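> After the structure tokens below, expect a handful of questions from me.
The values are calculated or read from the model by the stated rules, or taken from the named source; none is laboratory data. From a predicted model like this one, the values you see are computed outputs, not experimental measurements. For neighbour counting, all protein chains shown are included, and Cβ atoms are generated from backbone atoms with ideal geometry for every residue, glycine included. SASA here: full protein model, heavy atoms, side chains in, ligands and nucleic acids out. Shrake-Rupley method; radii C 1.70, N 1.55, O 1.52, S 1.80 Å.
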Amino acid sequence: MSKAVYRSALRSKRLLREAFSELLQEKDYGRITVTEIVERADLNRSTFYAHYTGIDDLMHELTDEITDGLMTVLQEAFSGDFLRRPEPALELLGNHLQQMKDLYRSLVRARQADFFMEELRRILTVRIQEELGEPKGLGADSLTSFLAGGVVSLYHSWLDDDYGDTDVSTVNEIAAAYVKAIGKAHAPLLVAER
């Protein structure tokens with residue numbers, strides 16, 4: 001494949017993802033058609049099918065791209081003291097979600113949202129385990145899953161407008177208070193199981 005063909009393929013895929021992202025913010029996932037995507041991207045159907053098997057395939061690639069971005073944000077955010085000082089990590093995560101709120105809200109409301117939110121929970125769990133020095137045992141594993149699930153649930157509810165016009169900084173504060181309380185209450189358990 002020549003450089004020009006490769007660049008053209010990358011450009012086409014980028015245009016298709018951007019068009020799809022815009023459409024997700026305007027209408028339900030299940031109502032988006034390939035025709036709408038290619039018209040918005042100013043490409044043709046054969047270009048779409050040269051890169052994707054269907055809309056689900058495009059959705060999967062988009063969520064993978066978003067997940068990679070979240071992983072990068074979380075890697076930068078964790079400081080080694082998450083259970084005592086979760087604010088910096090949660091602020092970075094919350095700000096990232098706020099910047100792309102319309103797209104994330106569309107993903108949360110789409111039928112594929114479970115995959116996206118599960119990936120976010122998985123990433124948080126891994127980061128928390130790394131913060132804790134990979135503690136072992138049922139109590140530690142349960143704690144990291146519980147913490148990650150709770151934080152993701154708060155942001156999920158915020159993205160789904162369950163909290164009305166609540167600002168993301170308020171969600172960050174609530175999440176930080178929960179993390180600190182859980183970390184403080186379970187610190188002896190985590191130390192004992194290492």
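> Pairs needed: first member in segment 135-158, at pLDDT below 85; second member anywhere, surrounded by fewer than 14 Cβ atoms within 10 Å (Cβ to Cβ); C-beta distance under 6 Å; at least 6 residues apart or different chains.
From segment 135-158, the pairs are P135/R194.
> Here's a follow-up. Considering only segment 34-55, state which residues are surrounded by 12 or more Cβ atoms within 10 Å (Cβ to Cβ) and under 24 Å from the mean Cα position of the chain (by Cα).
I37, H51, Y52, I55, listed by residue number.
> Right, another one. If you go through segment 42-49 one residue at a time, do you hit one that is closer than 29 Å to R122 by Cα and among the aliphatic types (A, V, I, L, M)?
No - not one qualifying residue is present in segment 42-49.
> Given the conditions (1) open to solvent by less than 80 Å² (accessible area, probe 1.4 Å); (2) closer than 27 Å to I123 by Cα; (3) at pLDDT 90 or above, which single one is not true for R14?
Here R14 clears every test but (1).
> Let me spell it out: the conditions are (1) part of a helix (DSSP H, G or I); (2) in contact with a helix residue (DSSP H, G or I) (Cβ under 9 Å, 6 or more places away or on another chain), and D56 meets all of them except one. Which number is the exception?
(2)
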